[in-house]
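S.K.: If you scroll down you'll find the structure; I have some questions about it.
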Amino acid sequence: MRPPTSRKLLPAVIACILAAGIYTSVVVVGQGGVQVGTQSQLQALVAAALTSRAYANSTIDFAVAHGLSVGSAGAQLSQGDSLLAVAQADAQPGGDITGGIRSAQAAMQDYTNASITAGAALTDAGLTAYVDYAAAVDAVAEVNATANVVASAGARACASSGTTATGSNAFAQACADLDAQVSAARLHLEQAATILVQSNGQANANASVSQASTLIGMARTEVNAASQSDLAVIAAYSYSMRGSAYVSAVLEPLSAKANATIEAEKSVTANLTAYQTSWTSYTQPQASAIANAGSSALTLENAIAHVNTNGVTSTATAAQSTEAQLYTDLQALLALSAINSLPNVVTDIKASMAAATSYNNALTSVNNWIGSFSQAQISNYGAYLGTWNGDSSSAQTAGGDYLASYQAVAADLSSPALQGISQVQAVLSLPVSQTANAADASIQQASSAMGTVQTDITSMTAAVASAQVSVPVPGGILSNARSVSIEGTAFLNATASASLSQIAASVQMTVQLAESFDTSASALISSTIAGFSQSAGAIGNAGTSLTTQTSASATAVTNAMAYVSSDTRARVSEAASGQAEITQSLQLLTNLNISGGAAALAQASLELQAAASVSA
């Protein structure tokens with residue numbers, strides 16, 4: 001009796017599984033089992049095991065029906081059933097696929113052994129003729145079922161397109177050969193089935209069964225050739241197609257996402273570069289304006305310090321004191337009879353007294369204005385200086401008139417007619433010309449210093465006005481900083497995103513300090529002479545703070561650009577590596593280096609995911 005056919009057809013079943021589109025190959029190692037498999041493969045092996053069991057069970061039942069002892073065959077059948085139950089459980093979702101495949105193959109081996117044991121008992125009992133007939137009938141059904149599986153698997157695999165040029169001819173030839181082998185097997189099975197139907201119960205049944213068995217053997221050989229040779233080639237070349245399908249379905253969209261991320265980062269970099277340019281165009285005039293305003297304020301502060309108001313006040317007061325004493329002396333001269341007898345002298349004395357009064361009034365105005373110097377407004381200093389110039393000029397003119405008139409009186413008193421009069425000489429006890437000249441010099445010095453203040457105020461006002469025009473941050477600078485700060489948050493890591501966010505925060509602070517600088521600059525214009533020193537210090541501090549913060553903002557932009565540029569370079573490198581791995585994987589699969597191609601595809605997936613995802 002021939003052993004059952006299930007074990008012989010196992011390679012055909014495995015090849016069918018491969019060609020049917022299962023991505024992970026099943027590798028049969030002798031009778032030891034399967035290294036790697038899928039649920040579909042396990043289910044196919046379970047079906048084959050069930051067919052093998054049916055044959056073994058029918059053989060055992062036939063032997064038992066004829067009173068034969070086949071307990072050992074029954075034990076082998078039971079052992080196979082236990083293993084088959086394990087395989088069926090593992091075939092369910094979440095089961096141990098690899099262990100299930102081993103169990104299914106072991107079960108088929110037990111069923112084969114049971115068939116052999118029961119068949120041997122039938123042979124010993126002289127019942128082989130019927131057994132051979134039944135085995136032949138079962139074999140027709142079994143080989144025909146296997147042929148259908150091979151044909152179906154081949155049809156699905158051969159219907160796929162996309163085989164690379166290097167494998168297209170071999171792939172097409174394998175498909176044609178498989179179809180021819182299956183067709184020949186089916187024809188031989190039809191012929192065998194016809195013979196068996198015709199010989200059933202006939203006297204020459206043994207000869208007919210032998211003829212049918214020969215045809216079945218031919219069919220089995222043809223099915224094995226289709227599965228082990230042709231279907232194996234088809235399965236091998238289908239890896240290239242499946243690799244291409246994986247590239248199209250998974251890796252190409254991932255590559256597109258990576259490229260989109262790279263382009264987005266390049267856009268952020270371009271925006272940062274443009275922003276850096278606009279920031280530089282702002283900071284350069286800002287620095288100049290801050291420096292000019294600060295320098296002008298310092299110059300004016302020094303000029304104000306050189307105005308000697310105390311000197312003007314003291315000399316004017318001394319001149320007024322001298323004038324008052326001389327006025328008293330002149331009044332005393334008019335009371336002398338010796339003077340009254342000289343009309344010309346009286347006239348000169350009265351004229352000198354009138355000039356003294358005018359000079360005194362002029363000095364009073366000078367003292368009033370010099371006293372209000374510290375409260376003069378910087379913004380209205382021109383008007384103040386105009387009044388001062390008028391009063392100081394009037395004081396100097398009045399002083400000259402007073403000095404000239406008194407010198408006329410002095411000349412009169414120096415005449416021979418009055419020199420001998422002791423009362424007259426006693427009146428003239430003060431150095432009139434020296435006192436008048438001192439007052440005049442003080443007034444001229446104060447006027448010169450105040451003129452310098454006016455010149456410096458004019459320069460400072462122009463510098464402050466320029467600073468107020470140049471220093472304010474353009475509105476677009478802040479809005480663009482906010483826009484750039486959020487552009488990269490979709491794909492940058494926390495550190496890089498924080499660096500981008502720092503731009504907006506830093507520029508916002510720069511805006512605030514620029515406004516503070518403008519406020520300080522305005523305070524310079526509106527302050528008084530006395531308050532200017534404090535205001536000048538404030539604008540200096542504001543300028544220093546603004547300069548420091550502006551530099552910090554520039555650094556924030558530079559740092560953000562460094563982060564984004566570095567991340568972009570990494571993504572470009574990863575995307576390029578991914579594409580190279582794809583090219584290599586398809587070449588390896590085409591050359592039937594399945595493990596190498598699969599590894600390259602896996603590496604390509606990792607590279608492209610890194611290029612497309614949020615940076616680590």
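S.K.: Of A599, A575, which residue is open to solvent by 50 Å² or more (accessible area, probe 1.4 Å) and farther than 26 Å from Q512 by Cβ? Break it down stepwise before answering.
M.R.: On the way: A575 fails: open to solvent by 50 Å² or more (accessible area, probe 1.4 Å).
Answer to the check: A599.
S.K.: Among the listed residues L45, L84, L122, L68, identify the single one that is of a type in the set (A, V, I, L, M) and not in a helix (DSSP H, G or I). Show your work before the answer.
M.R.: Working: L45 fails: not in a helix (DSSP H, G or I); L84 fails: not in a helix (DSSP H, G or I); L122 fails: not in a helix (DSSP H, G or I).
Just a single option satisfies the conditions, and that option is L68.
S.K.: Also, quick follow-up: Restricting to the stretch 355-374, and then to whatever is open to solvent by 40 Å² or more (accessible area, probe 1.4 Å) and in contact (Cβ under 8 Å) with a residue 40 or more places away in the chain, can you tell me which residue is farthest from the chain's Cα centre (by Cα)?
M.R.: S358
S.K.: Starting from residues that are open to solvent by less than 50 Å² (accessible area, probe 1.4 Å) and free of Cβ contacts under 8 Å to residues at least 60 places away in the same chain, keep the ones in the stretch 523-534 and report whichever is nearest to S379 (Cα to Cα). Please lay out each step first, then the result.
M.R.: Start the filter on the stretch 523-534 by keeping residues that are open to solvent by less than 50 Å² (accessible area, probe 1.4 Å), which leaves 523-525, 527-529, 531-532.
When the remaining residues are screened for being free of Cβ contacts under 8 Å to residues at least 60 places away in the same chain, the result is 523, 531.
Details: A523: 10, G531: 13 Å.
So the residue we want is A523.
S.K.: In addition: Restricting to the stretch 551-570, count the residues that are in contact with an Asp or Glu (Cβ under 7 Å, 6 or more places away or on another chain) and not acidic (D, E). Give the derivation first.
M.R.: Start the filter on the stretch 551-570 by keeping residues that are in contact with an Asp or Glu (Cβ under 7 Å, 6 or more places away or on another chain), which leaves 564, 567-568.
Okay, now just the ones that are also not acidic (D, E), so 564, 568.
Within the stretch 551-570, residues that are in contact with an Asp or Glu (Cβ under 7 Å, 6 or more places away or on another chain) and not acidic (D, E) number 2.
S.K.: Oh, and also: Given the conditions (1) in contact (Cβ under 8 Å) with a residue 40 or more places away in the chain; (2) open to solvent by less than 70 Å² (accessible area, probe 1.4 Å), report the number of the one that H306 does not fulfil.
M.R.: So H306 meets the others, but not (2).
S.K.: Residue pairs, Cβ under 8 Å, 6 or more apart or interchain, first in the stretch 497-511 and buried (at least 20 other Cβ atoms within 10 Å of the Cβ), second modelled with pLDDT of 80 or more and among the charged types (D, E, K, R). List them.
M.R.: From the stretch 497-511, no pairs qualify.
S.K.: With out of contact with any Ser or Thr (no Cβ under 7 Å at 6 or more places or on another chain), surrounded by fewer than 21 Cβ atoms within 10 Å (Cβ to Cβ) and either modelled with pLDDT under 80 or part of a helix (DSSP H, G or I) (or both) as the only criterion, which of A172, A114, A147, A135 stands out?
M.R.: Values: A114 fails: surrounded by fewer than 21 Cβ atoms within 10 Å (Cβ to Cβ); A147 fails: surrounded by fewer than 21 Cβ atoms within 10 Å (Cβ to Cβ); A135 fails: surrounded by fewer than 21 Cβ atoms within 10 Å (Cβ to Cβ).
Answer to the check: A172.
S.K.: Also, I was wondering about something else. What number of residues within the stretch 316-342 satisfy the criterion of being over 30 Å from P416 (Cβ atoms) and open to solvent by 30 Å² or more (accessible area, probe 1.4 Å)? Steps first, answer last, please.
M.R.: Here is the first cut: in the stretch 316-342, the residues over 30 Å from P416 (Cβ atoms) are 316-321, 324.
Subsequent filtering for residues that are open to solvent by 30 Å² or more (accessible area, probe 1.4 Å) retains 317-318, 320-321, 324.
So the count comes out to 5.
S.K.: Here is a list: A91, A87, A54. Which entry is modelled with pLDDT of 90 or more, within 25 Å of V150 (Cα to Cα) and open to solvent by less than 70 Å² (accessible area, probe 1.4 Å)? Break it down stepwise before answering.
M.R.: Working: A91 fails: modelled with pLDDT of 90 or more; A54 fails: modelled with pLDDT of 90 or more.
Only one candidate qualifies: A87.
S.K.: Which of the numbered conditions does A258 fail, given that it passes all the others? Conditions: (1) open to solvent by less than 30 Å² (accessible area, probe 1.4 Å); (2) closer than 30 Å to A151 by Cα; (3) of a type outside the set (V, I, T).
M.R.: It is condition (2) that A258 fails.
S.K.: Next up: Has the stretch 424-431 got any residue that is open to solvent by 30 Å² or more (accessible area, probe 1.4 Å), at pLDDT 80 or above and part of a helix (DSSP H, G or I)?
M.R.: Pass one, the stretch 424-431, residues open to solvent by 30 Å² or more (accessible area, probe 1.4 Å): 425-426, 428-431.
Next cut, at pLDDT 80 or above only: none.
No, the stretch 424-431 contains no residue that is open to solvent by 30 Å² or more (accessible area, probe 1.4 Å), at pLDDT 80 or above and part of a helix (DSSP H, G or I).
S.K.: List every residue pair whose Cβ atoms lie under 6 Å apart, where the two residues are 6 or more positions apart in sequence or sit on different chains, the first residue falls within the stretch 535-560 and is farther than 17 Å from T283 by Cα, and the second residue, located anywhere, is at pLDDT below 80 and among the β-branched types (V, I, T).
M.R.: Close Cβ pairs satisfying both conditions: A560/I503.
This table checks each residue for (1) in contact (Cβ under 8 Å) with a residue 60 or more places away in the chain; (2) under 30 Å from V182 (Cα atoms); (3) open to solvent by less than 30 Å² (accessible area, probe 1.4 Å); (4) not in a helix (DSSP H, G or I).
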site: V233; (1), (2), (3), (4): yes, yes, no, no
site: S238; (1), (2), (3), (4): yes, yes, yes, no
site: R242; (1), (2), (3), (4): yes, yes, yes, no
site: S248; (1), (2), (3), (4): no, no, no, no
site: A289; (1), (2), (3), (4): yes, no, yes, no
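S.K.: Hey, another quick one. What number of residues within the stretch 291-303 satisfy the criterion of being farther than 14 Å from L524 by Cα and open to solvent by less than 20 Å² (accessible area, probe 1.4 Å)? Give the derivation first.
M.R.: Of the residues in the stretch 291-303, the ones farther than 14 Å from L524 by Cα are 291, 302-303.
The next check asks that each one be open to solvent by less than 20 Å² (accessible area, probe 1.4 Å); those that pass are 303.
Of the residues in the stretch 291-303, 1 are farther than 14 Å from L524 by Cα and open to solvent by less than 20 Å² (accessible area, probe 1.4 Å).
S.K.: Another question about this same structure. Going by the conditions given, is A256 of a type outside the set (K, R) and closer than 30 Å to V572 by Cα? Give the derivation first.
M.R.: On the way: of a type outside the set (K, R): yes; closer than 30 Å to V572 by Cα: yes.
Against the criterion (of a type outside the set (K, R) and closer than 30 Å to V572 by Cα), A256 qualifies.
The values are calculated or read from the model by the stated rules, or taken from the named source; none is laboratory data. Just so it is clear, the model here is predicted, and its values are computed rather than measured. Note: ideal-geometry Cβ built from the backbone for every residue, glycine included; neighbour counts use all protein chains shown. When the accessible area is computed, the model is the full protein with side chains, heavy atoms only, and any ligands, DNA or RNA have been set aside. Shrake-Rupley method; radii C 1.70, N 1.55, O 1.52, S 1.80 Å.
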